[in-house]
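What follows is one structure encoded as structure tokens, with my remarks underneath.
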Amino acid sequence: PSLEPAAPPAAPPRKKSTGSTGTEKPLAPSNAPKPAAAAPAKKAPKAGDARSEIEHLLVTANRPYGVMDVVQALAPKYEKGVVQSMLDGLELSGVLRSKAVIGAQKAYWPDQAKVKTTSAAEMREMTMDLRDAVADTKEAEQEAAALERQTARALAAPANDALDAALAEAE
């Protein structure tokens, strides 16, 4: 006999539900583990994954959105009901925050505690990078002006045909 505890029996799958499109979709078991709160996405989400696309939209924009704003931004991919349930799920997982605006309407925005902020050292580094870029641009502009002057002088000089003709006349 083994001393390891037996695994709990798997929950039977719930009945299938028909969505607004009329197709059957299997539902997850009621005791299925809920996904952990996702960190802000760095890569573009996979096409067709409503949750990650909506999360990516709100986190990258970092501004409040209503349900219809998200529907229009991702049109014609998802219906209002899908977007509403995904936004509510992201709010429950802690990725988004919300506030009732008018009646039952809500505004959703990324949780600002999880939004990456720029440190003072990063700001100094970016400022130095900007100064370097400005100096490089000024140097490139000076080189371009020198090349334009050189080109103008070369075009103003007589062509080889004209020199050959002048030499032939002189001889």
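The values are calculated or read from the model by the stated rules, or taken from the named source; none is laboratory data. No experiment lies behind these values; they were computed from the predicted model shown. Note: ideal-geometry Cβ built from the backbone for every residue, glycine included; neighbour counts use all protein chains shown. Areas reflect the complete protein model, heavy atoms only, side chains present, ligands, DNA and RNA absent. Shrake-Rupley method; radii C 1.70, N 1.55, O 1.52, S 1.80 Å.
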### Task
Identify all residues within region 107-149 that are open to solvent by 70 Å² or more (accessible area, probe 1.4 Å), in contact (Cβ under 8 Å) with a residue 60 or more places away in the chain and not in a loop (DSSP other than H, G, I, E, B); write none if there are none.
114
### Query
With respect to the numbered conditions (1) outside any helix (DSSP H, G or I); (2) surrounded by 10 or more Cβ atoms within 10 Å (Cβ to Cβ), which one is the sole condition not fulfilled by residue 86?
(1)
### Query
Among the residues of region 60-78, which ones are farther than 12 Å from residue 50 by Cβ, part of a helix (DSSP H, G or I) and open to solvent by less than 60 Å² (accessible area, probe 1.4 Å)?
61, 67, 73
### Message
Can you confirm whether residue 161 is assigned to a helix (DSSP H, G or I) and either of a type in the set (Lys, Arg) or open to solvent by 90 Å² or more (accessible area, probe 1.4 Å) (or both)?
### Response
yes
### Task
Only residues in region 75-87 that are closer than 16 Å to residue 56 by Cβ and free of Cβ contacts under 8 Å to residues at least 40 places away in the same chain count as the first member; pair them with residues that are open to solvent by less than 90 Å² (accessible area, probe 1.4 Å) and polar (S, T, N, Q), Cβ under 9 angstrom, at least 6 apart or cross-chain, and list the lot.
87/98
## Note on the structure
Here the residues within region 90-106 that are assigned to a helix (DSSP H, G or I) and open to solvent by 60 Å² or more (accessible area, probe 1.4 Å) are 92
#### Entry: Test: residue 81 is open to solvent by less than 70 Å² (accessible area, probe 1.4 Å) and either part of a loop (DSSP other than H, G, I, E, B) or farther than 20 Å from residue 112 by Cβ (or both)
yes
### Query
residue 92 passes all but one of (1) modelled with pLDDT under 90; (2) over 18 Å from the mean Cα position of the chain (by Cα); which number fails?
(1)
